[in-house]
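In what follows, a structure is listed as structure tokens, so that the remarks can point back to it.
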Amino acid sequence: MPGIRNNGALALGGIVLAALLTVIGHAGVSDLDPVSLTVSDYAVSDSGEVIHVAMLLLAAASAVLVPTLGRLDRLRSDRPAGAPAPLGRGGRAAQWLLGVWAGGLLVSGLVPTNPPGTDMGTAAYVHRYASVIAFVALPIAGWLVAARLPAGDRAGRWLRALTVASLLLAVAMAWSAYPGDRAYYGLIERALTLAEVGLLTVVAAYSSSWSISWRAASVTEPERLG
């Protein structure tokens, strides 16, 4: 199925471009502290609009990957060749959660937060909770995707490791936001973002891998990545 590869390659390109735009958006700001302030705080700075573009681009790249998750069951090595591969609950849940992540990013990119040091308005709360939902949804989706890959696959191990890292960083971020008096809040958020974008990259790279060999009527076991 070349469609899976095409979607994966397109998503990879979007992820790389979004990362580049985010770096550019940070480089153009010199009066904010990345250790204490979030990426969203940078996005509402005078030269931070490019970060909103990066969020929207990452949302689009994520949405492109949603259909590919419906076909991962066909790659399982423990299914007899030619046997039907219906999409189970885990596959549907992974698709839905990846869609939630993409939707949360879309809302975050379209609805900016408040500038640092000002009171939060309705838009800022919408931005915050859309981001929270997205950050929680993606690691769970990653774990479900890992469970549907062939046993022992390297991509599955990476997905599980990045899922655990993301959830631990999310807990650290919640601690910083409340009892921690926002200590290292921006730094923790960037680490969390890096882990989750890494997770998304693994899904895209696996989907686009040319090591997956397809036959006309059935799918052979993917070769181990790397």
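Structure data summary
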item	result
Flag for residue 36 being part of a loop (DSSP other than H, G, I, E, B), on the phi < 0 side of the Ramachandran plot and at pLDDT below 85	no
Number of the exception - residue 41 against (1) in contact with a Pro (Cβ under 6 Å, 6 or more places away or on another chain); (2) outside any helix (DSSP H, G or I)	(2)
All positions within region 17-39 that are touching a helix residue (DSSP H, G or I) at 6+ places or on another chain (Cβ under 8 Å) and either in contact (Cβ under 8 Å) with a residue 40 or more places away in the chain or among the acidic types (Asp, Glu) (or both)	17, 18, 19, 32, 33, 34, 35, 36, 37, 38, 39
Hits in region 1-50 - residues which are touching a His at 6+ places or on another chain (Cβ under 9 Å) and small (Gly, Ala, Ser)	25, 40, 43, 48
Pairs, first free of Cβ contacts under 8 Å to residues at least 60 places away in the same chain in region 137-162, second in a helix (DSSP H, G or I) and of a type in the set (Lys, Arg), C-beta under 9 Å, six or more apart	143/160; 146/157; 146/160; 147/160
Residue 24 crowded, with 22+ Cβ neighbours inside 10 Å, out of contact with any Asp or Glu (no Cβ under 7 Å at 6 or more places or on another chain) and either polar (S, T, N, Q) or in a helix (DSSP H, G or I) (or both)	no
Subset tally (residues that are of a type in the set (Val, Ile, Thr) and farther than 29 Å from residue 206 by Cα) for region 10-61	4
Residue identified as within 17 Å of the chain's Cα centre (by Cα) and either on the phi > 0 side of the Ramachandran plot or at pLDDT below 90 (or both) among 208, 166, 218, 213	208
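Yes/no matrix, rows are residues, columns are (1) crowded, with 21+ Cβ neighbours inside 10 Å; (2) assigned to a loop (DSSP other than H, G, I, E, B); (3) on the phi > 0 side of the Ramachandran plot; (4) modelled with pLDDT of 95 or more:
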{"residue": "116", "(1), (2), (3), (4)": "no, yes, no, no"}
{"residue": "123", "(1), (2), (3), (4)": "no, no, no, yes"}
{"residue": "128", "(1), (2), (3), (4)": "no, no, no, yes"}
{"residue": "133", "(1), (2), (3), (4)": "no, no, no, yes"}
{"residue": "139", "(1), (2), (3), (4)": "yes, no, no, yes"}
{"residue": "152", "(1), (2), (3), (4)": "no, yes, yes, no"}
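The values are calculated or read from the model by the stated rules, or taken from the named source; none is laboratory data. Just so it is clear, the model here is predicted, and its values are computed rather than measured. Counting neighbours? That spans all protein chains shown, and the Cβs are built from the backbone with ideal geometry, glycine included.
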